[in-house]
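Trainee: Starting off with a structure, shown below.
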């Protein structure tokens, strides 16, 4: 892989990880369409780290506030669990005060991460097999377009992410779990689910970006473990550095751009984009 190809794929990863058009689809379809080498394990890991750092760079204040609030909430949560297990004491003295908004958001993020983790563990081989099929990737991209279009036709709420219930967070987590299939946009699935549950579009996007932190971190750690088991790097240092920087910068710009865009505009344009790319990919697959 050349440095130019690495930069292009880094930009693709950073942009499409957060814009609701499926980064996994683009990282399969772009090299396939142009006849480029497949992404090596090391390069894929580096791209994920780049997008993870982009989220941290934008939301570091939120992440620190959530971590602090979550730690502060633990004594009260543990007291509630003990009171629920000890029926003789009831819930009176041991019931904790209501969670702060940031503590609630932190618990929602943790809970919403669980479904994708379980689905990945249970059906990892089946999902990975789809990455070798550009046709299936294109079909799932069309599904993403249908989902975004359908969400945009529904009424939207005006709530903030801090107002989500744990049950609603779990539903968004299941939507994220479906995006393990290449072509199903993670951000599209979670932003759409959040919008249907009454969040403003930009608030749903903020929750989606925060939710991406643990799942991208987990994916990066998994890839790093596989890389170590494989015995080393399969790409040059400068190539990986170029891809990392491209993913970080493009991810940083796209997060800020999308949050601004969704305050005023909807998801229809992204749905149309998914349909166009999906149909063109199917046509190219048939022609080959």
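Each reported figure results from applying straightforward, stated rules to the coordinates on display, with no laboratory input. Please read these numbers as outputs of a predicted model, since none were measured by experiment. All Cβ positions, glycine included, derive from the backbone under ideal geometry; neighbour counts span all protein chains shown.
Trainee: Would you kindly state how much longer the chain becomes between residue 72 and residue 100 on full extension, computed as 0.36 nm times their sequence separation minus their alpha carbon distance, in nm to one decimal? Mind showing how you got there, number by number?
Mentor: Numbers: separation 28, 0.36 × 28 = 10.08 nm, distance 0.96 nm.
Result: 9.1 nm gained on full extension.
Trainee: Can you sort 128, 162 from fewest to most other Cβ atoms within 10 Å of each residue's own Cβ?
Mentor: Numbers: 128 12, 162 18.
Final ranking by Cβ density, sparse to dense: 128, 162.
Trainee: What is the distance, in nm, between label points placed 7 Å from the Cα along the Cα-to-Cβ direction at residue 241 and at residue 276?
Mentor: My value for the distance between the label points is 3.6 nm.
Trainee: Which shape class, rounded, prolate or oblate, goes with the stretch 104-245 when its Cα gyration tensor gives a ≥ b ≥ c as root eigenvalues, a/c under 1.5 marks rounded, and past that a/b bigger than b/c marks prolate?
Mentor: Working: a/c = 1.98, a/b = 1.58, b/c = 1.25.
Since a/c reaches 1.5 and a/b is larger than b/c, the shape of the stretch 104-245 is classed as prolate.
Trainee: What full-extension length gain, to one decimal in nm, is calculated for residue 146 and residue 288 as 0.36 nm per residue of separation minus the Cα-Cα distance? Please list the in-between numbers first.
Mentor: Values: separation 142, 0.36 × 142 = 51.12 nm, distance 2.62 nm.
48.5 nm is the gain from fully extending residue 146 to residue 288.
Trainee: What FRET efficiency would be calculated for the residue pair residue 38, residue 160, taking the C-beta separation as r and a Förster radius of 41 Å, to the nearest 0.05? Could the numbers behind the result be given before it?
Mentor: On the way: r = 41 Å, r/R0 = 1.01.
Computed FRET efficiency for residue 38 and residue 160: 0.50.
Trainee: Follow-up. When N counts the residues of the chain, how does its alpha-carbon radius of gyration compare numerically with 2.2 N^0.38 Å, as a ratio? Provide the component values of the computation, followed by the final result.
Mentor: Values: Rg = 20.0 Å, N = 288, 2.2 N^0.38 = 18.9 Å.
Normalised Rg, Cα atoms only: 1.06.
Trainee: If each of residue 4 and residue 110 carries a label point 7 Å out from its Cα toward its Cβ, how far apart are those two points in nm?
Mentor: Using points 7 Å along Cα→Cβ, the separation is 4.9 nm.
Trainee: Any idea how far apart residue 249 and residue 128 come out in nm if each label point goes 7 Å out from Cα toward Cβ?
Mentor: Placing both labels 7 Å beyond Cα along the Cβ direction yields 3.3 nm.
Trainee: Report the residue, chosen from 211, 148, 122, that carries the largest GNM mean-square fluctuation when the chain is represented by alpha-carbon nodes joined by springs under 10 Å.
Mentor: 122
Trainee: Let me ask another. To the nearest 0.05, how large is the calculated FRET efficiency for residue 228 and residue 260 if R₀ is 35 Å and r is the Cβ-Cβ distance?
Mentor: 0.30
Trainee: Then there's this: Suppose a student asked you for the relative contact order of the chain, using Cα pairs under 8 Å spaced at least 6 residues apart; what percent would you report?
Mentor: Numbers: 457 pairs, mean separation 108.9, N = 288.
Dividing the mean separation by the residue count of the chain yields 38 percent.
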